Amino acid sequence: MQSSIRVYALVVLLVVLLVVVAVLGSRGGLTSSSASLPPALPGPGVNRIAFVDLDGQVLSMNPDGSDLQSISAGDGFFTWPTWSPDAKTLVFSAVEGDRSSVPSIILYSFDTASKQKKKLFVGEPGVAGLLAVGVVHYPLWSPDSKRLAFIAVTAAGLTLFIDEVSAATDVEPVLDRGPLWMSWSSNSAYLLVHRGADHFLVDTARGNAVERLPVQAVEYRVPAWIPRQDTVTVVSSNGIGLDLGNADVVAGKLGKTRLIATVTREPAFLWSPDGAYLALAETVRPLSYLGLNLFAYRDLRLIPSGAQSKQIELQDNILAYFWSPDSTKLAFVTLAEGANVLRWKLLDVSDGSQTPLVDFVPSPDQLTMFQFFDQYAYSHLLWSPDSRSLVFAGQLDASAVTASAALHPGHQGSHIIVIDTEPTVSVEVIVPGTLGFWSPR
């Protein structure tokens, strides 16, 4: 009898609770049955940082260092992880086993349950060499994430390959005898390549057919496509201007051209992601830093593509610069007052104001990226997808003069470091590492 009463009481209590929930829901206390559940976690590869640790392994993590996941997990040395634009895939260079092994490029897919890994490319036995200090390959994804252009050392020298990632066919060489500098068109149809004084247009729709363009220029590196347009920006043959022209890929000719600006020797330039400004660095001078010969640019101009905006100019010793994804900010690296110390600074495009962020000493690999920033800006992202934060590798300077760095009295060894630029500047040392790159989304 007592057990029946207990059961009856529990049933009544359950009914009362259900009525209370229904009443609260009708009054806005609960909007749905899922209102009390935690928000869904982002999918794989979303707002993640891929990085190289001090043991030469590739890992990924959340920006705060949580959810650490191993990517390479092998015996050997792995480096330069490169996100595909859809953030579903990483490729990285691998020297498996001992350092005398043949280098390869490995693809890691986040978009499968098994987290598939496969080798896209294996180098030639007996052929060894680096593209730059610490650089085994240079990979550049097409904007649609379907093709990977990459440069590797072969018997013919620095050689360009293009791999259609989903296809089972063997990858074939496209151009050799580098150095080679390149950029993709926004529609992923064409790859523009600069080699020596020559310019080549690679047409992926015609089996990677190569056309030589009638443009000659030596004293610059990377050509640029204007975002969302079939137009290219290159240095003209006399080295004093930038030519902008429609690429006639059938005839292998450039269409109508116009002068954007006069330039001095060895300029570097990057279009903002929205195509509103061309960031043009020039007046280069040699600089000895940590035993390497670098270039420092004394002048940086933001040249508007339309008459509605004013040109922005600044003068500094600039080693590298990178557009934020939303085109509102330009992060750039300059010399600081201390020996071998660099400084991150931020340029606000809306008003031209500058903000010092932090003083630091870069890791050797990070310094390599700065040396060739106009190429790496296309392939390896330091900005977060929301344009609020930067990631880089190095060591914070204990005597930094910026207010943000004063929060950190320095640390030992190279680390992956995140700078939040909004709403106020803050700097966090995350994990030990030599290179770190943000996912594109």
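Every number in this text was worked out from the coordinates using simple rules, so none of it is lab data. The shown structure was predicted, so the numbers you read here are calculated from the model rather than taken from an experiment. Cβ placement follows ideal geometry from the backbone for every residue including glycine, while neighbour counts extend to all protein chains displayed.
Things worth noting here:
- Over region 184-230, relative contact order from alpha-carbon pairs under 8 Å, at least 6 apart, %: 38 percent
- Aspartates and glutamates with Cα under 17 Å of Lys345, excluding same-chain neighbours fewer than 8 positions away: Asp299, Glu313, Asp316, Glu337, Asp359, Asp397, Asp420, Glu422, Glu428
- With a cut-off of 10 Å between beta carbons, the residues surrounding Leu302 carry a summed charge of +1, where Lys and Arg count +1 and Asp and Glu -1.
- Put the Cα centre of region 261-298 next to the Cα centre of region 102-165 and the gap is 27 Å.
- Magnitude of the charge dipole, region 264-441, Cβ model with Lys/Arg +1 and Asp/Glu -1, debye to 20: 220 debye
- Cross-link partners of Lys310 among aspartates and glutamates (Cα-Cα below 13 Å; sequence separation of 8 or more within a chain): Asp351
- Sorted on the mean count of surrounding Cβ atoms within 10 Å across their residues, most packed first, peptides 357-366, 294-303 read 357-366, 294-303.
- Relative contact order, percent, region 264-441 [alpha-carbon distance under 8 Å, six or more residues apart]: 14 percent
- Counted charge near Pro362, where neighbours are those whose Cβ lies closer than 14 Å (Asp, Glu -1; Lys, Arg +1): -2
- Computed from backbone phi with θ = phi - 60° and the Karplus coefficients 6.51, -1.76 and 1.60, the 3J(HN,Hα) list for region 154-170 is 10, 5, 8, x, 6, 10, 9, 10, 10, 10, 7, 4, 7, 7, 9, 6, 6 Hz; x is used for glycine and proline.
- A protection proxy built from the mean count of other Cβ atoms within 10 Å ranks the segments 323-333, 338-348, most packed first, as 323-333, 338-348.
- Percentage relative contact order, region 89-208, counting C-alpha pairs under 8 Å, at least six apart: 14 percent
- Environment charge at Ala268 (Cβ cut-off 10 Å; Lys +1, Arg +1, Asp -1, Glu -1): -2
- Available extension along the chain between Leu54 and Thr355 is 105.3 nm, counting 0.36 nm per residue and deducting the alpha carbon span.
- ³J(HN,Hα) computed for each position of region 176-189 - Karplus, 6.51 cos²θ - 1.76 cosθ + 1.60, integer Hz, glycine/proline x: 9, 6, x, x, 10, 10, 8, 7, 8, 6, 4, 8, 6, 7
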